[in-house]
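The values are calculated or read from the model by the stated rules, or taken from the named source; none is laboratory data. Bear in mind the structure is a predicted one, so any value in this text is a computation, not a measurement. Note that each Cβ is placed from the backbone with ideal geometry, even for glycine, and that neighbours are counted across all protein chains shown. Heavy atoms of the whole protein, side chains included, go into the accessibility calculation; ligands, DNA and RNA do not. Shrake-Rupley method; radii C 1.70, N 1.55, O 1.52, S 1.80 Å.
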Amino acid sequence: MKLEALEIFFIETPPPGWGGRYWTIVKLVTECGITGYGEVYASAVGAPAMGAVIRDVFDRYCKGENPESIERMFRRAYSSGFTQRPDPTVIGAFSGLEIACWDILGKARDRPVWALLGGMMNEKLRAYTYLYPLPHHTKAEFWTSPELTAESALAAVNQGFTAIKLDPAGPYTMRGGHQPGMRDIDLCDRMLGAVRAAIGTRADILLGTHGQFTPSGAIRLGAAMERHQPLWFEEPTPPDDIAGMAEVASAVRIPIATGERLSTKAEFGAVLRAGAASILQPALGRAGGIWEVKKIAAMAEVFGAQLAPHLYAGPVEWAANIHLAASIPNLLMIECIQTGGEFHLPLIGHSLRVEDGFVTPPETPGLGISFDEDLARAHPFTGNALHLQMQEAPCDYVNPNSFEGGAPRD
């Protein structure tokens with residue numbers, strides 16, 4: 001059994017764009033006709049350039065190889081160009097190809113991927129969702145309204161979710177860490193307070209920030225949020241400031257979570273050694289794929305850390321998350337995009353779903369999905385924007401800062 005052919009789907013998401021502007025799905029076919037699907041997360045270059053990278057990685061390191069040779073292909077990609085260090089673009093390309101290899105292996109053996117990773121550890125996976133505007137909400141008002149956010153939180157909890165995440169402390173700028181304004185701290189406090197009042201102790205609150213603060217700024221914000229008892233404080237400093245994140249972790253009585261922008265065990269190992277986070281959020285379509293994240297989970301066990309696989313992408317990466325999560329002992333929860341019923345789920349034939357706030361790993365071979373290629377081809381991405389983009393303007397200390405989701409559009 002050898003890898004023979006590659007096809008890449010750049011799929012534009014319908015408005016409002018939850019999960020990013022587009023998804024990068026790869027399809028591998030073996031010479032004996034077995035097909036596997038994978039997903040590349042959040043490319044740092046445009047779709048045409050990323051397509052070229054994916055093809056180069058496939059042709060150079062995977063084509064003609066047995067899909068069982070995960071470790072060998074990973075080491076080739078990791079060492080590409082005499083680098084032998086995490087390169088998020090090359091490793092991201094490989095991650096999608098690696099996920100597709102596992103899909104092929106499961107189908108070849110007529111077993112779900114989790115069965116090839118050590119077997120079933122978790123028969124039900126706790127899921128969480130971001131809070132999004134409800135159909136009757138005005139989007140522009142929602143992102144700075146404690147009342148509307150609380151209403152959305154209660155709706156999610158009534159669906160069975162035992163954890164919900166919100167991002168009330170924008171903006172995310174290319175300028176790196178900043179000090180939050182008092183207006184931003186006040187809005188966060190009122191947001192979390194309103195949500196806690198609405199849901200009580202029925203669910204955990206997850207405080208989503210994405211590297212926008214200096215260490216001292218994150219400590220100020222975190223100290224103010226402690227009274228609401230969030231389960232985590234996500235990426236309080238930029239991901240390259242591990243020492244700063246460790247400073248926050250030691251000063252704030254909220255668990256620190258990080259990982260969606262990290263790649264391979266090298267970067268996650270540095271986080272664990274520094275004591276910078278106790279909850280890791282690898283994105284399987286960027287971190288190195290299923291096998292690499294299985295290693296990261298094992299490292300985390302030694303440090304008393306748990307995993308909460310990240311998802312702000314399409315349903316193929318979600319499927320990979322589910323199989324990895326089913327197989328590890330230190331799972332906290334998995335992310336899902338609850339608004340995705342209109343596009344995420346149809347793209348995989350509704351073969352996976354959240355029920356009462358939990359996901360049941362599939363028993364069907366491979367990733368257990370029925371990928372709809374016709375639907376994918378009917379929504380090609382032809383723009384020049386990136387999957388996600390940073391704001392160029394700095395934090396506004398006069399007018400309210402509002403985070404409208406990762407890739408909002410009408």
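What about A298, is it in a helix (DSSP H, G or I), of a type outside the set (D, E, K, R), over 17 Å from the mean Cα position of the chain (by Cα) and over 22 Å from L231 (Cβ atoms)? Here the answer is yes, as A298 does meet what is asked. Filtering G211, G217 for residues that are buried (at least 21 other Cβ atoms within 10 Å of the Cβ) and part of a helix (DSSP H, G or I) leaves a single hit, G217. A224 meets each of the listed conditions (1) in contact (Cβ under 8 Å) with a residue 60 or more places away in the chain; (2) surrounded by fewer than 20 Cβ atoms within 10 Å (Cβ to Cβ); (3) over 17 Å from V302 (Cα atoms); (4) small (G, A, S) apart from (1). Taking (1) under 18 Å from P86 (Cα atoms); (2) of a type in the set (A, V, I, L, M); (3) open to solvent by 10 Å² or more (accessible area, probe 1.4 Å) in turn, V302 satisfies each apart from (1). Checked against (1) in contact (Cβ under 8 Å) with a residue 12 or more places away in the chain; (2) more than 20 Å from the chain's Cα centre (by Cα); (3) open to solvent by 30 Å² or more (accessible area, probe 1.4 Å); (4) at negative phi, G118 passes all but a single condition, namely (4). Do we find that A266 is in contact (Cβ under 8 Å) with a residue 40 or more places away in the chain, within 20 Å of A297 (Cα to Cα) and more than 18 Å from the chain's Cα centre (by Cα) in this structure? Judged against the criteria, A266 is a match. Of the residues R273, R286, the single one that is open to solvent by 40 Å² or more (accessible area, probe 1.4 Å), of a type in the set (K, R) and either modelled with pLDDT under 95 or more than 19 Å from W114 (Cα to Cα) (or both) is R273. Evaluate region 309-319: report whether one residue or more is open to solvent by 10 Å² or more (accessible area, probe 1.4 Å), modelled with pLDDT of 95 or more and more than 25 Å from L131 (Cβ to Cβ). Looking through region 309-319, none of the residues is open to solvent by 10 Å² or more (accessible area, probe 1.4 Å), modelled with pLDDT of 95 or more and more than 25 Å from L131 (Cβ to Cβ). Does P361 meet the test of being in contact with a helix residue (DSSP H, G or I) (Cβ under 8 Å, 6 or more places away or on another chain) and not in a loop (DSSP other than H, G, I, E, B)? When the stated conditions are applied, P361 does not pass them. For I322, the conditions (1) more than 29 Å from F213 (Cα to Cα); (2) touching a residue at least 40 places away in the same chain (Cβ under 8 Å); (3) open to solvent by 10 Å² or more (accessible area, probe 1.4 Å) are fulfilled apart from (3). Residues in region 334-356 that are part of a loop (DSSP other than H, G, I, E, B), surrounded by 14 or more Cβ atoms within 10 Å (Cβ to Cβ) and in contact (Cβ under 8 Å) with a residue 40 or more places away in the chain: I337, F343, V354. Remark: pairs (first residue in region 240-258, part of a loop (DSSP other than H, G, I, E, B); second residue among the aromatic types (F, W, Y); Cβ separation under 9 Å; 6+ apart in sequence or on different chains) = V252/F233; I254/W232; I254/F233; P255/W232; P255/F233. Within region 149-161, none of the residues are open to solvent by 10 Å² or more (accessible area, probe 1.4 Å), farther than 30 Å from S402 by Cβ and either without any contact (Cβ under 8 Å) to a residue 40 or more places away in the chain or assigned to a loop (DSSP other than H, G, I, E, B) (or both).
Restricting region 369-387 to residues that are among the hydrophobic types (A, V, I, L, M, F, W, C), modelled with pLDDT of 95 or more and part of a loop (DSSP other than H, G, I, E, B) leaves a set whose member that is surrounded by the fewest Cβ atoms within 10 Å (Cβ to Cβ) is A378.
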